[in-house]
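Novice: First, the structure itself, so that you have it in front of you.
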Amino acid sequence: MSMRLAGPVALALMILSAPGWCDAGSARDKVDTKFYAMLGHFEPVESGFDGHTAFALTYSWRRSSYYAAIEYTRSTSAEVVESVPLGITDQAFGLVGGIRQWPGRWYYGAGIGVSTVRHEITAPLGALANSDTNLAWEVVAGAPFGGRGLVEVKYMDAGDSSLRGFAGFIGVTY
């Protein structure tokens with residue numbers, strides 16, 4: 001199994017087993033009015049782009065029915081155009097708010113917000129960069145575990161094809 005596949009498979013298995021790790025209290029109440037610093041991996045669905053580490057800071061309130069998140073994702077690609085090597089880096093900083101449903105000890109939901117996307121093309125003679133602001137949205141599923149942990153899987157769209165894909169996160173409250 002390649003490293004690109006091993007990470008998402010491990011996160012999916014953690015999400016499936018996470019409800020069993022929860023203590024006997026309400027899982028929903030463990031997430032309520034807490035900040036979670038989350039680290040994960042972003043895998044774009046656009047072919048030719050490689051995913052990288054993703055970060056998120058999420059806050060939950062109203063019995064964990066609502067959430068707000070600040071997110072960062074990055075994708076890169078290396079191409080050769082007319083024998084000139086080019087490096088392409090796309091980064092997204094997003095602010096997303098959403099709603100969650102709790103059918104048990106896990107949740108699912110969706111959010112919408114805005115993202116600032118920075119495109120950078122690097123060539124041997126220099127670099128070209130630009131930024132734009134886009135509509136961002138996501139679909140999320142996750143579960144708290146232990147007293148301070150949280151596992152999430154998201155499909156994220158930052159408004160650009162290179163920044164559309166899946167992210168798996170593991171977080172901890174502080």
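Computed from the coordinates by the stated procedures, all read-outs in this text should not be read as laboratory data. This one's a predicted model, so the numbers in the text were calculated from it and none came from an experiment. We place every Cβ from the backbone using ideal geometry, glycine too, and count neighbours over all the protein chains shown.
Novice: Run the quick spin-label model on Ile99 and Thr173: label points 7 Å from Cα toward the beta carbon, then report their separation in nm to one decimal.
Specialist: About 2.4 nm, to one decimal.
Novice: Something else now. Ranked by Cβ crowding within 10 angstrom, fewest neighbours first, how are Leu135, Leu86, Leu125 ordered?
Specialist: With the fewest neighbours first, Leu135, Leu86, Leu125 line up as Leu125, Leu135, Leu86.
Novice: Follow-up. Putting +1 on Lys and Arg Cβ atoms and -1 on Asp and Glu Cβ atoms, find which of Phe169, Val117, Thr133 reaches farthest to the positive end of the dipole of the chain.
Specialist: Phe169
Novice: Using Cβ contacts closer than 10 Å as the measure, can you line up Leu150, Leu57 from fewest to most?
Specialist: Leu57, Leu150
Novice: Something else: Across 5 Å bins from 0, what is the distribution of all Cα-Cα pair distances for the chain, in whole percents?
Specialist: 2, 9, 17, 20, 17, 13, 9, 5, 4, 2, 1, 0, 0
Novice: Here's something else I'd like to know. Rank Val117, Val84, Val139 by mean-square fluctuation in a GNM of the chain with C-alpha springs under 10 angstrom and give only the top-ranked residue.
Specialist: Residue with maximal mean-square fluctuation among Val117, Val84, Val139: Val84.
Novice: Separation between the Val80 and His119 pseudo-spin-labels, each 7 Å from Cα along Cα→Cβ, expressed in nm?
Specialist: Between Val80 and His119, the label points sit 2.4 nm apart.
Novice: Continuing with the same structure: Taking the Cα centre of segment 3-173 as origin, sum charge times position over the Cβ atoms of Lys and Arg (+1) and Asp and Glu (-1), and report the length of that vector in debye to the nearest 20.
Specialist: For this selection, approximately 920 debye.
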